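The block underneath contains the structure these notes are about, expressed in structure tokens.
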Amino acid sequence: MNDKQTLRLKTKKSFINVLMFAGAALMSQASFATQAPTAKPNIVIIYTDDLGIGDVSAYGVGKLSTPNIDTIADQGIKFTNGYATAATCTPSRFSILTGQYPWRKGVQILPGDAPLLISPEQQTLPKMLKQAGYTTAVIGKWHLGLGNGQMDWNEHIPLGPNEVGFDYSYIMAATNDRVPNVFVKNGDVVGLEQDDPLYVSYKSNFPGEVTGQENPELLTKMTYHHGHDQSINNGVSRIGYQKGGKAAQWIDEDMSDLFLSEAQRFVKRNQAKPFFLFYTLHQPHVPRVPNRHFVGKSGLGPRGDAILEADWAIGQFLETLDQLGLSDNTLIVFSSDNGPVLNDGYNDQADTKNGQHTPWGQFRGGKYSLFEAGTHIPLMVRWQGKIKPGVSDALISQHDLLASFASMTGQKIKASDSQNMLSALTGQSKTGRKSLLLEGMHGRTAYREGDWIVIPAYKGNSLMKKQNIETGIYPFDQLYNISTDPGQQHNLASQYPEKISTMLKHYQAVMQPN
Ligand code: NG6
Ligand code: CA
């Protein structure tokens, strides 16, 4: 090559470079123009416990009336393909806060004395929002562990919500059927008296302490059906043993009002700057002991009454936002941590009084299940003035909130299972995820792709007899098309062997470490 040729080639190259540069600039301009500007509305996630899609009247399948929850749907977007990542509580809560699938870490339902499950180094939704300038709080059920394994409930608890991104926390340690039956505010048990220390054990009872099994005459509010026969508080026996801390132990009937007033106070205190509130109601998880104002109101027994109580509290909370002039600048997500169960261990007439009500909607299974009712939950998003009310069929999982809100508030996040669904969540697009893994229990997962769901063959019980719930477990592959068969009655596995093998390949690919 002579000098002239080399020069020509160089010129050509630099011309190409200029073209590429201009092209890239144009492209980035184009993507900038289509990208929504970042926004920092207040964010409230209202998260119920074991509420089924059919328990919410906005979905039009059950017999209960939930006018306040329905308001969120009427004024926002009602998602018909919204999912929790798992059919039980701890795994779903882990996911919504971390953006990671729970089975990656083997997350299971935790006992009430378990150490903190989320590491303080881990990326979380509240931490990300704090970086975006939000003040953050969790009020209600936690169930993600506390402390470092050497728990002393009488000292400040060093690890909890405040160490994984929440500026303020007022929580029930685990569940309302697990000890300790106390609230923890920013790492300290509320109302503990110095001369009556609190002790907790999941191994053995403390000498002389009463239990449901040995002292059934003390079960004045509710008797147990299975499990739940250990320490007694407020006339109800629970899972696990506790001793002392009597002044701090809760009264179930007051819990809803307490969480509500904490939630109201938090938004009042923080109304001047962006806030994120994870308002995690305990209803309708067992034991269902609602306030007297709601007893007998649903006609479905305590489970229905507890749902009416939750609906009322949500109405009060929405009214507070209105009164403070915050409704337009607050994005609300409403959902549930897993699907419904009638008998979850207490004799509370949930099954006998259920009548024609269908908490599971049109789906099969329930809480704990790989079938749809385990994870296919109510999901609604309201942002008045910004989101056009409507219905969306977009496939969304709760753990997508991390990437979606990061995108909304202009924050970068590390790789996770969370996908940016902001356009779908705000109604700009009808397109959601292409696929999703769904966990029943113990790390067993199903895979949804489009309208197809494959449940791989598993060994185990097909029916949880006490709860009367089908687990979805069978020793053969199952394939369903839920657009035509939402009740998962027709296993199409043998009809579409190619479909199933392609889907299983994709499913394996998602299971690879991310
Ligand atoms: C189960 C409990 C059930 C409920 C569930 C957790 C028994 C027999 N059953 O082990 O009552 O507490 O755990 O529910 O103890 S969740 O919604 O918090 O995941
Ligand atoms: Ca739950």
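Brief remarks on what is shown
- Failed item in (1) free of Cβ contacts under 8 Å to residues at least 40 places away in the same chain; (2) within 12 Å of ligand 1 (Cβ to nearest atom), with residue 152 passing the rest: (2)
- From the list 59, 101, the one residue that fits, being touching a residue at least 24 places away in the same chain (Cβ under 8 Å) and touching a Lys or Arg at 6+ places or on another chain (Cβ under 8 Å), is 59.
- Residue in segment 71-84 that is at negative phi, within 15 Å of ligand 2 (Cβ to nearest atom) and modelled with pLDDT of 95 or more present: yes
- Qualifying residue in segment 440-460 (condition: among the charged types (D, E, K, R), in the same structural domain as residue 302 (by TED's automatic domain parsing) and either modelled with pLDDT of 95 or more or in contact with a strand residue (DSSP E or B) (Cβ under 9 Å, 6 or more places away or on another chain) (or both)): no
- Residue list for segment 447-464, filter: small (Gly, Ala, Ser) and either part of a strand (DSSP E or B) or more than 23 Å from the chain's Cα centre (by Cα) (or both): 457, 460, 462
- If only residues of segment 465-483 that are under 27 Å from the mean Cα position of the chain (by Cα) and open to solvent by 40 Å² or more (accessible area, probe 1.4 Å) are counted, the one that is nearest to residue 346 (Cα to Cα) is 466.
- Identity of the residue in segment 352-381, charged (D, E, K, R) and touching an Asp or Glu at 6+ places or on another chain (Cβ under 9 Å), that ends up most open to solvent (accessible area, probe 1.4 Å): 364
- Tabulated pairs, segment 259-282, first without any contact (Cβ under 8 Å) to a residue 60 or more places away in the chain, second open to solvent by 10 Å² or more (accessible area, probe 1.4 Å) and of a type outside the set (Lys, Arg), C-beta under 8 angstrom, 6+ apart or interchain: 260/316; 264/316; 268/324; 271/324; 271/326
- Given (1) within 22 Å of residue 79 (Cβ to Cβ); (2) in contact with a strand residue (DSSP E or B) (Cβ under 7 Å, 6 or more places away or on another chain), index of the condition residue 485 fails: (2)
- Subset of segment 325-336 [exposed (fewer than 14 other Cβ atoms within 10 Å of the Cβ) and not small (Gly, Ala, Ser)]: 328
- For residue 204, the criteria (1) under 30 Å from residue 301 (Cα atoms); (2) away from ligand 1 (no atom under 16 Å from the Cβ); (3) open to solvent by 40 Å² or more (accessible area, probe 1.4 Å) hold in every case but one, which is (1).
- The strands (runs of 3 or more DSSP E) found entirely in segment 311-425 that carry 1 or more residues being closer than 28 Å to residue 108 by Cα are 330-336, 379-382.
- Residue in segment 281-294 that is modelled with pLDDT of 95 or more, under 20 Å from the mean Cα position of the chain (by Cα), over 21 Å from residue 349 (Cα atoms) and buried (at least 24 other Cβ atoms within 10 Å of the Cβ) present: yes
- Per-region count, segment 256-280, residues among the aliphatic types (A, V, I, L, M), assigned to a helix (DSSP H, G or I) and crowded, with 24+ Cβ neighbours inside 10 Å: 1
- Taking segment 289-310 as the range and being over 13 Å from residue 359 (Cβ atoms), in a loop (DSSP other than H, G, I, E, B) and in contact (Cβ under 8 Å) with a residue 24 or more places away in the chain as the test, the residues that pass are 289, 290, 291, 299.
- Those residues of segment 86-138 which are part of a loop (DSSP other than H, G, I, E, B), within 16 Å of ligand 2 (Cβ to nearest atom) and not β-branched (Val, Ile, Thr), in sequence order: 87, 108, 110, 111, 112, 114, 117
- Every condition in (1) open to solvent by less than 50 Å² (accessible area, probe 1.4 Å); (2) more than 23 Å from residue 256 (Cα to Cα) holds for residue 156 except the one numbered (1).
- Some residue of segment 451-458 being free of Cβ contacts under 8 Å to residues at least 40 places away in the same chain and open to solvent by 50 Å² or more (accessible area, probe 1.4 Å): yes
- Once segment 295-324 is narrowed to residues that are open to solvent by 30 Å² or more (accessible area, probe 1.4 Å) and closer than 25 Å to residue 93 by Cβ, the residue that is farthest from ligand 2 (Cβ to nearest atom) is 316.
- Scope segment 454-475; condition among the basic types (Lys, Arg) and touching a Pro at 6+ places or on another chain (Cβ under 8 Å); matching residues: 459
- Lone unmet requirement of (1) of a type in the set (A, V, I, L, M); (2) farther than 30 Å from residue 134 by Cβ; (3) open to solvent by 40 Å² or more (accessible area, probe 1.4 Å) for residue 232: (3)
The values are calculated or read from the model by the stated rules, or taken from the named source; none is laboratory data. Bear in mind that the values here come from a model prediction, so they are computed numbers and not experimental data. Counting neighbours? That spans all protein chains shown, and the Cβs are built from the backbone with ideal geometry, glycine included. We work out accessible area using only protein heavy atoms, side chains counted, and drop any ligands, DNA or RNA first. Shrake-Rupley method; radii C 1.70, N 1.55, O 1.52, S 1.80 Å.
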